[in-house]
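Contents: one structure, followed by commentary.
The values are calculated or read from the model by the stated rules, or taken from the named source; none is laboratory data. Bear in mind that the values here come from a model prediction, so they are computed numbers and not experimental data. As a convention, Cβ positions derive from the backbone with ideal geometry for all residues, glycine included, and neighbour counts pool all protein chains shown. To get the accessible areas, we keep the full protein, side chains included, count just its heavy atoms, and leave off ligands, DNA and RNA. Shrake-Rupley method; radii C 1.70, N 1.55, O 1.52, S 1.80 Å.
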Amino acid sequence: MKIYTRKGDDGTTGLYGGGRVPKDSAAPEAYGTVDEAQAALGLARAAAPSGGELGDLLVHLERDLWVLMAELATEHENAHKLVDGASRVTAEMVAALETAIDDITGRFEQPTEFVVPGESELAARLDVARTVVRRAERRSMAVVADGSQVVPYLNRLSDLVWTLARWVEGTSVETRSI
């Protein structure tokens, strides 16, 4: 099987469950940005200690983003084809992020003001990933159906990634201390 199909040469892209849209429309913009967020998390994972808790968590998050991309790449009239947890984000997936945030924040003293990113390479990579997740959240708002858990998931994910960055830093440089 060849990687290229030539189907997109006309400026359109196929959607999950059927249909085609222009590549610059809202859905490809949203799931494309989620794809960037997934890659940014992978870049952070590459700097994490191998075989550790953080790397395992990041792999789990990267896999969850496939679910988000499937939902974002599905036209509303094909939503009946989505499967909870496999191609549709669930409230349980959002709750799992909240549990992870609570667990990690219990392990360190949180900064009391804005921080300056870059105390370590891993923390800086996580901060970049967080900003890409925030952009994905903004892009997704134009696409999601009523009741979708995509935006809440991305909102919690950015909170979790911020928390992970502060956790791996240990001590953050606060804006007023520079």
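P(r) tail for the chain, what percent of Cα pairs lie past 25 Å? Tail of P(r) above 25 Å: 38 percent of Cα pairs.
With θ taken as phi - 60° and the Karplus curve 6.51 cos²θ - 1.76 cosθ + 1.60 applied, the whole-hertz 3J(HN,Hα) list for the range 25-37 is 7, 4, 5, x, 5, 5, 6, x, 6, 5, 4, 4, 4 Hz, x standing for glycine and proline. Heavy-atom accessible area for Tyr153, with the other protein chains in place and a 1.4 Å probe, reaches approximately 0 Å². Evaluating 6.51 cos²θ - 1.76 cosθ + 1.60 at θ = phi - 60° for every residue in the range 4-11, the Karplus couplings come out as 9, 10, 6, 5, x, 5, 8, x Hz, glycine and proline recorded as x. Between amide H atoms placed 1.01 Å from N, distances below 5 Å from Arg88 occur with Val83, all of them 5 or more places distant or on a separate chain. With a Förster radius of 41 Å applied to the beta-carbon distance between Met1 and Asp146, the computed FRET efficiency rounds to 0.60. Taking amide H as placed 1.01 Å from N in the peptide plane, the amide H of Thr12 sits under 5 Å from that of Lys23, each at least 5 places away or on another chain. Extension gain for Ser120-Ala91 works out to 7.1 nm (0.36 nm per residue, less the C-alpha to C-alpha distance). Rounded to two decimals, the Cα radius of gyration of the range 62-161 over 2.2 N^0.38 Å is 1.19.
To the nearest 0.05, how large is the calculated FRET efficiency for Asp102 and Glu36 if R₀ is 30 Å and r is the Cβ-Cβ distance? So, using R0 = 30 Å, E works out to roughly 0.65. Per-residue ellipticity at 222 nm, computed for the chain from helices alone with -39500 (n - 2.57) per DSSP H run of at least four residues, works out to -18500 deg cm²/dmol. Using the Cβ-Cβ distance between Ala79 and Glu113 with R0 set to 45 Å, the FRET efficiency from 1/(1 + (r/R0)^6) comes to roughly 0.60.
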